[in-house]
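Read the structure below first, then the notes.
The values are calculated or read from the model by the stated rules, or taken from the named source; none is laboratory data. In this text, all values refer to a predicted model and were calculated from it rather than measured experimentally. In this analysis, Cβ positions are derived from the backbone assuming ideal geometry, glycine residues included, and neighbour counts consider all displayed protein chains.
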């Protein structure tokens, strides 16, 4: 929708799943990776501004065509600062809310701040259609063009006429129906994920660091809350790589899956040659961080089983 093509650059968060960066490569553009800030683990507005100042100084380099912040693990990014910087440089924002459905920032739902927002309904998300997702925008031209391209770019004619390359990106009616039905229980799923996070936090916060504990239900002031995470996944930061692996392997022995946090894009073999602006925070989170089982249908018995296995190591 934003006309990104060969020779263009796009600024995107480094600490994220590869799907935030792959579309830049699909368009034959250059990704420029931005580091994370400590509070939310999302795009650092200071690093974003540093990158734009550096790019703006270059006489041979155009400003990026887009900025892609990510709401990691359902935790809202610092959208006021990011949007202000984007506005200053007149760069569109694509808001990656794949993990953030149902969460909010200053009482506004994630995915609705940028020029374009995206959601994921993959099988592991807070609601699912088994695959696919959604694109949202207040710009009617973007929405119309997206629908056109996603349905094989068929022109308005009685026969099959094509003046542009199209794609078969439609969601099936059955999948869409499942998703519409699950939207009715979205708030219940968010409530349950937050309860799971709160139990983990109550039991383990004296041992580990947690992503933005100020969003804890015990500490939150409902009338002044700035960030409301859906707590899609509960994540912990251990004291070392060895400690993280000890926990992961202890759970694996009991047939319980726990995954390391996302490996930053600037460390991925396929993207290691591209520019990066930021410190080592995302690298440290990857080295020491772990995602704990957090499914909405997790029982109290299962939750306590995980907690007790972890506690037994300490």
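The single condition from (1) at pLDDT below 95; (2) within 23 Å of the chain's Cα centre (by Cα) that residue 172 fails is (2). Of 33, 113, which residue is in contact with a strand residue (DSSP E or B) (Cβ under 8 Å, 6 or more places away or on another chain) and over 23 Å from residue 231 (Cα atoms)? None of the others qualify; the one that does is 33.
The rows are residues; the columns are (1) in the same structural domain as residue 275 (by TED's automatic domain parsing); (2) more than 18 Å from the chain's Cα centre (by Cα); (3) more than 30 Å from residue 235 (Cα to Cα).
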{"residue": "18", "(1), (2), (3)": "no, no, no"}
{"residue": "33", "(1), (2), (3)": "no, no, no"}
{"residue": "46", "(1), (2), (3)": "no, yes, no"}
{"residue": "56", "(1), (2), (3)": "no, yes, yes"}
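Exactly one residue among 101, 135 is touching a strand residue (DSSP E or B) at 6+ places or on another chain (Cβ under 6 Å) and under 25 Å from residue 298 (Cα atoms), and that residue is 101. Only one of the listed residues (275, 264, 293) is touching a strand residue (DSSP E or B) at 6+ places or on another chain (Cβ under 9 Å) and under 30 Å from residue 185 (Cβ atoms). That residue is 293. Considering only residues in segment 207-231 that are at pLDDT 95 or above and surrounded by fewer than 22 Cβ atoms within 10 Å (Cβ to Cβ), the one that is farthest from residue 314 (Cα to Cα) turns out to be 210.
Determine, yes or no, whether residue 72 is more than 20 Å from residue 226 (Cβ to Cβ), at pLDDT 95 or above and either outside the structural domain of residue 126 (by TED's automatic domain parsing) or surrounded by 14 or more Cβ atoms within 10 Å (Cβ to Cβ) (or both). No: the conditions fail for residue 72.
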